[in-house]
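Quick notes on the structure that follows.
The values are calculated or read from the model by the stated rules, or taken from the named source; none is laboratory data. These numbers were taken from a predicted model, which means no experiment stands behind them. As a convention, Cβ positions derive from the backbone with ideal geometry for all residues, glycine included, and neighbour counts pool all protein chains shown.
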Amino acid sequence: MSYKEYFTKLVQEIGEKEGAVSPSIVNSASFGYGDSKTAEAIFAGSAKKPLYARVGNPTTAKLERVIASMDGGVGAIATASGMGAITLACTSLLAAGDEVVCVGGLFGGTYSFFSETMSRFGIHTHFFDVDELEGIEAAINDKTKIIFLESVGNPNMRLADFDAIAKIASQSGVALMVDNTITPLSLRPLERGADIVVYSTTKIISGNASALGGCVVFRAVGEKEEKFKTNRYAFLEKFIEKMGENALVANGKKRSLRDFGMSASAYNSQLTMLGLETLPLRLERVAKSVEQIVEALRVAGLNVNHPSMPDHPHHARYKQYFEIGCGTLFTIEMGSKEAAFEFLDRTKLPVITANIGDSRTLALHMASTIYRDFTKEEREFLGISEGLIRVSVGLENPQEIIDDFIGAL
């Protein structure tokens, strides 16, 4: 399905034809079951009614259905944040002694999650650049449960050969998990061999900095499953027997959401749906603006980095994999922290903040903020130089952004 078809699909799925048109908020932590027999059925999963808000809320359930439909998944689980989504997806599959292969630049919080937090629980992660395909394949062993991939390196702007990595995951029998936060609709990972997709819905899906949230989308487990009906994922057997194609969703709720409680709030789920209605329009606008801005700044002499540039090493992948651009981000290299600070403080339009994917243009010096506690070696691997500025383009007139940035030189 083309992203343009979602102009109709999303607003139709979110709005109601009868009663309240806008999604309603069910603001209750608990739900009455009516009688004991119904309570038993709800806990058994045979009655599709709310159990307890930690594991499901009617407002959040609607958001989950819409995002699962958007990605072609069998189901989804909304969470309190994007890191909550990554945590849920990973803890639903991993145990002490398991290993993960991480591919790409990686957002700072994601890198810390795998390198510091998961390691405390006995889970080892191997980190690779997007082009280290031989190393990625060689690192996979019987303990490997997940290959984790960002659709766009945040903030190094490097793009993976998605099909090649999906092939490695398939041939190795390892789950492929893709963080598609920056490129919803433009890239559909489940259609290209991914098993699980994670989002920070706080970003462009919501689009206006009003609602913190995340979401995990799962593919269906097929009857002739070759990946999850193996010894590597033996713990899924009971879920496959009971839940069939919904096994990954049920496993995520049982092993992670129920026990860790990274649940989405009904209020934030409603706000997220209101933003999601206009996602295709905003995505199209931003994609055109980013290309226009990057080209104009390059001509003006700024050291910009974005895959739309013909001399970018992954320009061909930009054209191959992304239907409508690769999100809101590009970077500017200023050479030093002092030059970056001076440039940012002279601009008038950007909000200096750590968020991305907002309706407003945002900017941030990376080394002094998100990556300030990282070692020199970690920063080099992740592409974080002393003068790096990350920019997230908003909905303003792109020419005004160009004029503002050039004027700040």
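Summary table
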{"quantity": "Residue satisfying condition, being surrounded by 20 or more Cβ atoms within 10 Å (Cβ to Cβ), within 16 Å of VAL249 (Cβ to Cβ) and assigned by TED's automatic domain parsing to the domain that holds ARG192, within set ALA53, ALA76", "calculated": "ALA76"}
{"quantity": "Failed item in (1) among the hydrophobic types (A, V, I, L, M, F, W, C); (2) surrounded by 15 or more Cβ atoms within 10 Å (Cβ to Cβ); (3) assigned to a loop (DSSP other than H, G, I, E, B), with ALA20 passing the rest", "calculated": "(2)"}
{"quantity": "Qualifying residue in the stretch 295-317 (condition: polar (S, T, N, Q) and either more than 22 Å from ASP179 (Cα to Cα) or in contact with a Leu (Cβ under 8 Å, 6 or more places away or on another chain) (or both))", "calculated": "yes"}
{"quantity": "Where ALA300 falls short, out of the listed (1) exposed (fewer than 15 other Cβ atoms within 10 Å of the Cβ); (2) under 20 Å from ASP161 (Cβ atoms); (3) touching a residue at least 40 places away in the same chain (Cβ under 8 Å)", "calculated": "(2)"}
{"quantity": "Residue match in the stretch 397-405 (condition: aliphatic (A, V, I, L, M), modelled with pLDDT of 95 or more, surrounded by 22 or more Cβ atoms within 10 Å (Cβ to Cβ) and within 18 Å of LEU302 (Cβ to Cβ))", "calculated": "yes"}
{"quantity": "Every residue from the stretch 79-97 that is among the polar types (S, T, N, Q), closer than 19 Å to VAL221 by Cβ and surrounded by 24 or more Cβ atoms within 10 Å (Cβ to Cβ)", "calculated": "SER92"}
{"quantity": "Qualifying positions in the stretch 373-409 - within 17 Å of ILE352 (Cβ to Cβ) and aromatic (Phe, Trp, Tyr)", "calculated": "PHE405"}
{"quantity": "Test for GLU40: is it farther than 19 Å from MET243 by Cβ, free of Cβ contacts under 8 Å to residues at least 12 places away in the same chain and either not assigned by TED's automatic domain parsing to the domain that holds MET262 or not polar (S, T, N, Q) (or both)", "calculated": "no"}
{"quantity": "Subset of the stretch 42-83 (residues that are within 22 Å of SER186 (Cβ to Cβ) and assigned to a loop (DSSP other than H, G, I, E, B))", "calculated": "GLY72, GLY73, VAL74"}
{"quantity": "GLU16 over 27 Å from ARG258 (Cα atoms) and not aliphatic (A, V, I, L, M)", "calculated": "yes"}
{"quantity": "Conditions (1) crowded, with 19+ Cβ neighbours inside 10 Å; (2) under 25 Å from the mean Cα position of the chain (by Cα); (3) not acidic (Asp, Glu): number failed by ALA340", "calculated": "(2)"}
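Yes/no per residue for (1) buried (at least 24 other Cβ atoms within 10 Å of the Cβ); (2) of a type outside the set (S, T, N, Q):
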position: GLN171; (1), (2): no, no
position: ASP179; (1), (2): yes, yes
position: LEU190; (1), (2): no, yes
position: VAL197; (1), (2): yes, yes
position: ILE204; (1), (2): yes, yes
position: ALA220; (1), (2): no, yes
position: LEU236; (1), (2): no, yes
